[in-house]
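Below: the structure, in structure tokens.
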Amino acid sequence: MKIITSITMLRQILDNYRRQNKSIGFVPTMGAFHKGHLSLMRRCRKDHDIALVSIFVNPTQFAPGEDLSSYPRNKKNDVLLAKEENIDIIFYPSVKKLYSGRYLTHINVGEISEELCGKTRPNHFQGVATIVGKLINIVQPHVLYLGQKDAQQSVVIQQMVQDLNFPVKIKVLPTTREKNGLAMSSRNKYLSVEERKQASVLYKSLLLAKIKINAGQRNANAIIKSMRRNITENASCSIEYIACVDTQTLKPLKKLRGKILIALAVRFGHARLIDNILINMKD
Ligand code: PAF
């Protein structure tokens, strides 16, 4: 496995693979690998001749006061885990390499960046779209792998790829969960043992919503209310949002029909956790 820090060197190596008609799969990450990352890597490895992972804690997607400086970083362990997944290349650039000198260009994916998490993290998705756009241009992969846990991020990146005609296919893979249902996240490291236990209520509340919808409930407010009650009765936390939205526009729905996304963001101590489920209603 190669660890590359230089954009020029990475381009040379990948140009060479492309000339040999090798397919390139790409998993962009901020490191601190957990089983969710590993499942993306495994799929990327299985699908492609060349499997590439980037590790870059992207400063432009953190607002002042957010956890940029404390975000978990563990290069040594990440390298070991990527090796175990038979990854060919880790791209490990510095902030200076990606945002050199007078950096002025940003990708803003319009109104879908302002819904859900965008309400409390106003520039977050601009930072995500910009770095992923840059990484796609550097790597030029055939397929880019993302996790469903970051549902809004996937929708924003898919929209950007479509709008800007990036020649890359996006695959969004299911959320990997702990035994108790908690969605795997690098930020779970911020949780105490008790908070980790309590945070399992988030997925339970999403499953409760699914049960109610399967039983015929179509009123979004009723679903949100019952989820809110379920969470507050079982955990000491602060709910940022619970929303039932259209899977493409991410706009809130009043009456539920077709394909919907139920998403939430909840704070447990220092950890801001997000989770979601997709539901496809036949009637
Ligand atoms: O999901 C993440 O880890 C990041 O938002 C990403 C896609 C690597 C961009 O920095």
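The values are calculated or read from the model by the stated rules, or taken from the named source; none is laboratory data. Model, not experiment: these values are computed from the prediction. Positions of Cβ are backbone-derived with ideal geometry, glycine not excepted, and every protein chain shown enters the neighbour counts. Surface areas here come from the heavy atoms of the whole protein model, side chains and all, with no ligands, DNA or RNA. Shrake-Rupley method; radii C 1.70, N 1.55, O 1.52, S 1.80 Å.
Key figures
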{"read-out": "Any hit, the stretch 234-256, residues being assigned to a helix (DSSP H, G or I), open to solvent by 30 Å² or more (accessible area, probe 1.4 Å) and without any contact (Cβ under 8 Å) to a residue 60 or more places away in the chain", "value": "yes"}
{"read-out": "Those residues of the stretch 191-207 which are open to solvent by less than 50 Å² (accessible area, probe 1.4 Å) and either within 17 Å of ILE279 (Cα to Cα) or in contact with a Pro (Cβ under 8 Å, 6 or more places away or on another chain) (or both), in sequence order", "value": "LEU202, SER205, LEU206"}
{"read-out": "Near pairs, Cβ below 7 angstrom, 6+ apart or cross-chain, from the stretch 112-136 (among the charged types (D, E, K, R) and in a loop (DSSP other than H, G, I, E, B)) to any residue that is open to solvent by less than 20 Å² (accessible area, probe 1.4 Å) and more than 13 Å from the ligand (Cβ to nearest atom)", "value": "GLU115/VAL245; GLU115/LEU250"}
{"read-out": "Subset of the stretch 171-190 that is open to solvent by 20 Å² or more (accessible area, probe 1.4 Å) and within 11 Å of the ligand (Cβ to nearest atom) - its residue that is modelled with the highest pLDDT", "value": "SER185"}
{"read-out": "Conditions (1) within 16 Å of the ligand (Cβ to nearest atom); (2) assigned to a helix (DSSP H, G or I): number failed by ASP67", "value": "(2)"}
{"read-out": "Test: residue in the stretch 222-239 that is within 20 Å of the chain's Cα centre (by Cα) and of a type outside the set (Phe, Trp, Tyr)", "value": "yes"}
{"read-out": "Among residues of the stretch 13-40, those that are without any contact (Cβ under 8 Å) to a residue 40 or more places away in the chain and out of contact with any strand residue (DSSP E or B) (no Cβ under 9 Å at 6 or more places or on another chain), counted", "value": "5"}
{"read-out": "Search result, residues across the stretch 129-153 that are near the ligand (Cβ under 9 Å from one of its atoms) and out of contact with any helix residue (DSSP H, G or I) (no Cβ under 7 Å at 6 or more places or on another chain)", "value": "LEU135, ASP150"}
{"read-out": "Given (1) open to solvent by less than 30 Å² (accessible area, probe 1.4 Å); (2) closer than 22 Å to CYS244 by Cβ; (3) without any contact (Cβ under 8 Å) to a residue 40 or more places away in the chain; (4) not polar (S, T, N, Q), index of the condition VAL156 fails", "value": "(3)"}
{"read-out": "Selection within the stretch 42-64 - within 13 Å of the ligand (Cβ to nearest atom) and open to solvent by 30 Å² or more (accessible area, probe 1.4 Å)", "value": "PRO59, THR60"}
{"read-out": "Residue within the stretch 33-41 that is over 20 Å from THR176 (Cα atoms), surrounded by 14 or more Cβ atoms within 10 Å (Cβ to Cβ) and in contact with a helix residue (DSSP H, G or I) (Cβ under 8 Å, 6 or more places away or on another chain) present", "value": "no"}
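One line per residue, one yes/no per condition, for (1) out of contact with any His (no Cβ under 9 Å at 6 or more places or on another chain); (2) more than 16 Å from the ligand (Cβ to nearest atom):
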| position | (1), (2) |
| --- | --- |
| SER94 | yes, no |
| SER100 | yes, yes |
| SER113 | no, no |
| GLY118 | no, no |
| ASN123 | no, no |
